[in-house]
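Trainee: I am attaching a structure below and will ask some questions about it afterwards.
Read-outs throughout are calculated quantities, based only on the coordinates presented, and are distinct from any laboratory measurement. Being a predicted model, the structure only gives us computed values, none of them experimental. Methodologically, a virtual Cβ is constructed for each residue, glycine included, from the backbone with ideal geometry; neighbour enumeration extends over all protein chains shown.
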């Protein structure tokens, strides 16, 4: 196994803590790598006016693989107020560096698996027939188009005249909004392209085929958002008929899908959606397997091999200041396993996942969320495992 260089991007808040613990687990499992730190996040926005410095982009260009911790994002006005005074006259506008990273490197394939861990006290349960209590096994792989849609960044407040005139050329805009003063209008676009839509659909179908899932569900809203959601579903129908007839194609609306999450989550296999709806449905399914402490993700450009792997939780800045870190590192560790999958280090990934599963099943070491406590500084004194103690337990299992 050749030694690789991984760009480690701690980001903000708890990002550094969970990233460091994941690297400890990787080391203990025998993954050989050098780690170079990439600057990203709120600190660099505040002091440099750029949350994604060019030097970090260059590191990823060179090494292609990134492990990312977490990020803090704030509304535009708050972001401006926290800029260094000497930068406030530069007309800088904050935008999410992780979104910028996805778009710069074309990381349009986002995979967010949600799988039940046996013995996790946070697993979803429901009432069955009579007084029976059921704990359905969730095994869902969510493919989220990662660079377009509502997160594409094409938006305006008080849209300039060419944009406003174009909007006014649409009869529904003119009828419903033509009376509104332009300075009172904000517009965010939802753009789907055929090429990117085809790529995410194909990734979803190929994953279902490779891993034995029987269905692919397009989770959008084609009955209302007819052009974008409608295009995705129409393309999925054609692709399934021509290339994947053995895989069932289902179509759900995002609102109904969120209701069905707690009705029959075990029914679903692979789900594919645009950027916003993919974000929503993946967090919904994550809630069924224990919450964001268990939610991992991969963001990949299959043509260039560039991949960034991150937990889907936020930076939780209040927890970052605790004298002992209490956050659950499993989502970050699972994201590192997805990196190993991408690098075809499948045996090491399997070994780590087995160790995580064993620790959860035994139930002797549980972080505060697994013990259903509020995230207060004293939870460790009350029996909850710290971030480091959970990683230690996984490492002990690896060494058995």
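Trainee: Taking 0.36 nm per residue of sequence separation and subtracting the Cα-Cα distance, how much length would be gained by fully extending the chain between residue 206 and residue 74, in nm to one decimal?
Mentor: 43.8 nm
Trainee: Work out how much length residue 132 to residue 4 would gain on full extension: take 0.36 nm times their residue separation and subtract the Cα-Cα distance, in nm to one decimal.
Mentor: My answer for the length gained is 41.0 nm.
Trainee: Pop a pseudo-label 7 angstrom from the Cα along the beta-carbon direction at both residue 376 and residue 266 and give the gap in nm to one decimal.
Mentor: About 3.7 nm, to one decimal.
Trainee: Packing-wise, with mean Cβ within 10 Å as the measure, how do 126-134, 328-336, 160-168 rank, highest first?
Mentor: 328-336, 160-168, 126-134
Trainee: Next up: 7 Å from Cα along Cα→Cβ at both residue 158 and residue 193: what's the point-to-point distance in nm?
Mentor: My value for the distance between the label points is 3.1 nm.
Trainee: If you average the C-alpha positions of the stretch 248-302 and of the stretch 190-236 separately, how far apart do those two centres end up, in angstrom?
Mentor: That distance is 13 Å.
Trainee: How much of the DSSP beta bridge set in the chain is antiparallel, as a percent to the nearest 5?
Mentor: 45
Trainee: Now a separate question. Which order do 125, 142 fall in if you start with the one that has the fewest other Cβ atoms within 10 Å?
Mentor: 125, 142
Trainee: Nearest 500 deg cm²/dmol is fine: what mean residue ellipticity at 222 nm does the chain get from its DSSP H runs of n ≥ 4 alone, each adding -39,500 (n - 2.57), divided by its residue count?
Mentor: Helices in the chain give a 222 nm mean residue ellipticity of -12000 deg cm²/dmol.
Trainee: Right, another one. For the residue pair residue 170 and residue 27, what label-to-label distance in nm results when each label sits 7 Å from Cα along the Cα-to-beta-carbon direction?
Mentor: 5.3
Trainee: Order 367-380, 301-314, 7-20 from most to least packed using the mean count of other Cβ atoms within 10 Å.
Mentor: Most protected by this proxy first, the peptides run 7-20, 301-314, 367-380.
Trainee: State the Cα centre-to-centre distance between the stretch 19-89 and the stretch 162-185 in whole Å.
Mentor: The two parts, judged by their Cα centres, are 39 Å apart.
Trainee: Subtracting the Cα-Cα distance from 0.36 nm times the residue separation, let me have the gained length for residue 179 to residue 36 in nm, one decimal. Spell out each step's value before the answer.
Mentor: Values: separation 143, 0.36 × 143 = 51.48 nm, distance 5.45 nm.
Result for the pair: 46.0 nm of gain on full extension.
Trainee: Assuming 1.306 mPa s and 10 °C, estimate D for the chain with Stokes-Einstein, Rh taken as the Kirkwood radius over Cα pairs, in µm²/s. Numbers along the way, then the final one.
Mentor: Values: Rh = 22.6 Å.
Using the Kirkwood radius from Cα pairs, D works out to 70 µm²/s.
Trainee: Could you please state, rounded to a whole Å, how far the C-alpha centre of the stretch 131-151 is from the C-alpha centre of the stretch 333-400?
Mentor: 21
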